[in-house]
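First comes the structure, then the notes that go with it.
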Amino acid sequence: MPTPPPEPPPVGHGGSGQPGDPAGPERPDAPGPGRPDPPNGYAVPARLWQTLDRRRPPGADAVADAWRSPVRGPWLTAVLGAVLLATLPLLMVTGLLDWIAYGPRLDQAFPRDVGWLRPPVFDWPTRPAWLFRLTQGLHVTLGIVLVPVVLAKLWSVVPKLFTWPPARSAAQVLERLSLLLLVGGILFETATGLLNVQYAYLFGFDFYTAHWYGAWVFTAALVTHVTIKLPRLVTALRGPGFTGTPVARTRPEPADPDGLVPRRPGPATMSRRGVLALTGSGAALLAVLTVGQSLDGPLRRTALLLPRGRQPGEGPNGFPVNRTAAAAGIDAEQTGDGWRLTLRAAGRTIELDRRALLAMAQHTARLPIACVEGWSTTQTWTGVRLRDLAALAGVPAPDTARVRSLERAGLFNQAALTAGQVLDGDSLLALRVNAVDLSPDHGWPARIVVPALPGVHCTKWVREITFEEADGG
Ligand SMILES: Nc1nc2c(c(=O)[nH]1)N[C@H]1C(S)=C(S)[C@@H](COP(=O)(O)O)O[C@H]1N2
Ligand SMILES: [Mo]
């Protein structure tokens, strides 16, 4: 950012056109909202744009002039745009990685098939064990923290919604259409993401698929927008800065070709740095209220915005629960002495009770549960290695393992694991956590825990594991 000049920019200085003056500064050539380009500024078909221009809807000028803040202009929009340009790619990449982490290759219940919009996927690794905790934590936290920045950016350009005529060329129609997808896209992604984090499935469609399609629409619109606007952004940032200008000396910038500077600016009620500080503190507050959910220890108590983020209960089983046994319809009858784990492989079925599992070699690992909805926690799990169970079933080198829960309904009552996930030495059918038996809510009598596996696939109340060899062999 360029160093702020001691004096405000060269507009609105002296003369009759004080920015506080409702008449506004005199800028006869300004092509701002409501002031059309000269007739030769229309592209083909010129008649169309011209006619549109002449037929101004009643009140068009009044609406355009209702947005009077003198801080609106290329500089503020460019600063906010630069912040988003630097951060949104991280949001997009972590979202893409999360999608891949769900293992779409394995025909999971989620994400559903998205046709040709399926990216080239790779098998999600198990190392480092905190990988999904990181990508998912970044995605959710950043998505929440950027909300004030997105709102400020939209605020800075809102008068453009009311420009008349809406376009002066076919190219501009396309550009404005891409803006519709851009703004609609980010609002849609933010709304569905936040509702998902709150487990509020108010929308009647599948979250993962909708968020995925929305992300592509948004990405395409963003690439278009950045391609068109990058030169403007650079120019605005190279020009004089305003971070040193207090509110008393805040004046509008000179009229800009995009019409961001209001035609009739009102008096400044806030400086540009005030707007940035307000936006930044909003983002910082959200960060403070959010990050705790991704961290263990006392900071978890600060995660006030998250429904499952805070510490539920005490003791070794006192860590967040996604779905309780009661909510999943698991009754004590099913998980009592009569419970059996069924291992299936081609032509073979083995049943084990909990005692038999406890008699096998036990392995202990400290592994995170990283929930798709954003929170995560690391605990110490003990149980039987999945690769030992695979060997017992006669498939020491499985291609996939399919896990099923006692839970009958529910979207997360099954999951599929890759070969790498089954064979990792820390991948467990956990029977105990933090040196005590699993509680009913954490999956008693047995649950899956695998390094770097999305929490949603760490199936609880396991009933059956099917090991498949390549080619079903
Ligand atoms: N059977 C079953 N297993 C499940 C779920 C579920 O709804 N049903 N939720 C999953 C999700 S989304 C998460 S984040 C983890 C959370 O594990 P925890 O509740 O023991 O912390 O369990 C997973 N296992
Ligand atoms: Mo989850």
Can you name the number of the only condition in (1) in contact with a Lys or Arg (Cβ under 8 Å, 6 or more places away or on another chain); (2) farther than 17 Å from G455 by Cα that L289 fails? (1)
Which helices (runs of 4 or more DSSP H) sit wholly inside region 318-394 and have at least 3 residues that are away from ligand 1 (no atom under 16 Å from the Cβ) and modelled with pLDDT of 95 or more? 354-359, 386-392
I'm trying to understand the selection: among the residues of region 404-425, which are modelled with pLDDT of 95 or more and over 28 Å from the mean Cα position of the chain (by Cα)? R404, S405, L406, E407, A419, V422, L423, D424, G425
Being away from ligand 2 (no atom under 16 Å from the Cβ) and part of a strand (DSSP E or B) is the filter here; which residues of region 396-410 pass it? T400, A401, R402, R404
Given the structure, is G383 in contact (Cβ under 8 Å) with a residue 40 or more places away in the chain, away from ligand 2 (no atom under 16 Å from the Cβ) and farther than 23 Å from N322 by Cβ? no
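This table checks each residue for (1) surrounded by 20 or more Cβ atoms within 10 Å (Cβ to Cβ); (2) outside the structural domain of A446 (by TED's automatic domain parsing); (3) among the aromatic types (F, W, Y).
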| site | (1), (2), (3) |
| --- | --- |
| G318 | no, yes, no |
| A327 | no, yes, no |
| A356 | no, no, no |
| A359 | no, no, no |
| H363 | no, no, no |
| R366 | no, no, no |
| V372 | yes, no, no |
| W381 | yes, no, yes |
| R408 | no, no, no |
For region 40-89, enumerate the residues that are modelled with pLDDT of 90 or more and on the phi > 0 side of the Ramachandran plot. G73
Show the residue pairs meeting these rules: Cβ distance below 6 Å; 6+ apart or different chains; first residue within region 118-136 and among the acidic types (D, E); second residue at pLDDT 95 or above. D123/T418; D123/G420
Under 9 Å between Cβ atoms, which residue pairs at least 6 apart in sequence (or on different chains) link something in region 441-455 that is outside the structural domain of T135 (by TED's automatic domain parsing) with a partner that is near ligand 1 (Cβ under 7 Å from one of its atoms) and of a type in the set (F, W, Y)? H442/F319; G443/W461; W444/W461; P445/W461; A446/W461; R447/W461
Looking only at helices (runs of 4 or more DSSP H) that fall completely inside region 134-251, which ones have 3 or more residues that are crowded, with 16+ Cβ neighbours inside 10 Å and modelled with pLDDT under 95? 170-197, 207-238
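Mind checking which strands (runs of 3 or more DSSP E) fall wholly inside region 411-473 and carry at least 3 residues that are among the hydrophobic types (A, V, I, L, M, F, W, C), within 28 Å of A332 (Cβ to Cβ) and more than 10 Å from ligand 1 (Cβ to nearest atom)?
Output list reads 428-433.
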Meets criteria (surrounded by 17 or more Cβ atoms within 10 Å (Cβ to Cβ) and either under 29 Å from the mean Cα position of the chain (by Cα) or within 15 Å of ligand 2 (Cβ to nearest atom) (or both)) for A393: no
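The values are calculated or read from the model by the stated rules, or taken from the named source; none is laboratory data. On a predicted model such as this, the values are computed, not experimentally measured, just so you know. Note that each Cβ is placed from the backbone with ideal geometry, even for glycine, and that neighbours are counted across all protein chains shown.
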